[in-house]
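Engineer: I have a structure here, written as structure tokens, and I will follow up with some questions on it.
The values are calculated or read from the model by the stated rules, or taken from the named source; none is laboratory data. Note that the structure is a prediction, hence the values are computed from the model and not measured. Using ideal geometry, Cβ is built from the backbone for each residue, glycine included, and neighbour counts are taken over all protein chains shown. Each accessible area value is taken on the protein alone, full model and side chains, heavy atoms only, with ligands, DNA and RNA left out. Shrake-Rupley method; radii C 1.70, N 1.55, O 1.52, S 1.80 Å.
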Amino acid sequence: SFPTRRSSDLPRQKQRRPRFLSAGLSAFPEVSLARPSQKIKNSLIYYAARAVMAVLRFCPQGLAAGSGRIFGVLVFTLAAKERLKTLRQVGIGYPRESVEEHRRLARAVWAELGRKIFETARWLSWPQARIAAQVGRVEGWERLEKALARGKGALVVTAHLGNWELLGGALAFRAPEK
């Protein structure tokens, strides 16, 4: 076998900074020190996300949710670093489960995350009343209102179930303004 070298084995080279930055001057604040390829990649990701968000505004709920799940699985498949982090965390949370079950759970996490992201992107252009109308019911709302009426705020304890982004929007709509 051939000897291999890891990036950690290579000597680190000191990166040179432009003279005006070394002197603490910001004569050219628009100059980016990011690698051109990274800047292009970041721009492509940004504009692709903006385009997807614009299209999602007009998609029915089911189509957005399904597309989001596919997107999440795609990210799980392609983003090796994030996939490994997720698999490690699932392994810690479910140590008795098989490796296959860890992979199934991790993939499901990313599918659900993709679904939530796509659904949330649809709500960005909605008025608060429409967001609040998406929440089926809130039990104990009158107790929260009573606590808030005292003027000292309130601590809400609830099960970690459901869509938290949607619930936050609904609570913000229903809560009294100061």
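Engineer: Condition first: open to solvent by less than 90 Å² (accessible area, probe 1.4 Å) and over 30 Å from TRP126 (Cβ atoms). Now tell me which residues in the range 58-79 satisfy that.
Structural biologist: Within the range 58-79, THR77 is the sole residue that qualifies.
Engineer: Say whether the condition of being loosely packed, with under 15 Cβ neighbours inside 10 Å, β-branched (Val, Ile, Thr), over 20 Å from ILE45 (Cβ atoms) and free of Cβ contacts under 8 Å to residues at least 24 places away in the same chain is met by at least one residue in the range 80-90.
Structural biologist: No: zero hits.
Engineer: Mind listing whichever residues of the range 118-137 are open to solvent by 50 Å² or more (accessible area, probe 1.4 Å), in a loop (DSSP other than H, G, I, E, B) and farther than 26 Å from ALA51 by Cα?
Structural biologist: Answer for the range 118-137, where residues must be open to solvent by 50 Å² or more (accessible area, probe 1.4 Å), in a loop (DSSP other than H, G, I, E, B) and farther than 26 Å from ALA51 by Cα: GLY136, ARG137.
Engineer: Which one of the conditions (1) surrounded by 14 or more Cβ atoms within 10 Å (Cβ to Cβ); (2) farther than 16 Å from GLN61 by Cα; (3) aromatic (Phe, Trp, Tyr) does TRP141 fail to meet, given that it meets all the rest?
Structural biologist: Result: TRP141 passes all but (1).
Engineer: Condition first: without any contact (Cβ under 8 Å) to a residue 40 or more places away in the chain and out of contact with any helix residue (DSSP H, G or I) (no Cβ under 8 Å at 6 or more places or on another chain). Can you find one or more residues in the range 120-127 that meet it?
Structural biologist: Among the residues of the range 120-127, at least one is without any contact (Cβ under 8 Å) to a residue 40 or more places away in the chain and out of contact with any helix residue (DSSP H, G or I) (no Cβ under 8 Å at 6 or more places or on another chain), which makes the answer yes.
Engineer: If you don't mind, there's one more thing I want to ask. For the range 36-73, which residues satisfy the criterion of being among the basic types (Lys, Arg), touching a residue at least 24 places away in the same chain (Cβ under 8 Å) and assigned to a helix (DSSP H, G or I)?
Structural biologist: Across the range 36-73, the qualifying residue is only ARG69.
Engineer: Does the range 151-163 contain any residue that is within 21 Å of GLY68 (Cα to Cα), open to solvent by 40 Å² or more (accessible area, probe 1.4 Å) and either in contact (Cβ under 8 Å) with a residue 24 or more places away in the chain or assigned to a helix (DSSP H, G or I) (or both)?
Structural biologist: No; the residues of the range 151-163 include none that is within 21 Å of GLY68 (Cα to Cα), open to solvent by 40 Å² or more (accessible area, probe 1.4 Å) and either in contact (Cβ under 8 Å) with a residue 24 or more places away in the chain or assigned to a helix (DSSP H, G or I) (or both).
Engineer: Here is a follow-up. Run down LEU25, LEU10 and say which single residue is surrounded by 10 or more Cβ atoms within 10 Å (Cβ to Cβ) and at pLDDT below 60.
Structural biologist: From the options LEU25, LEU10, the qualifying one is LEU25.
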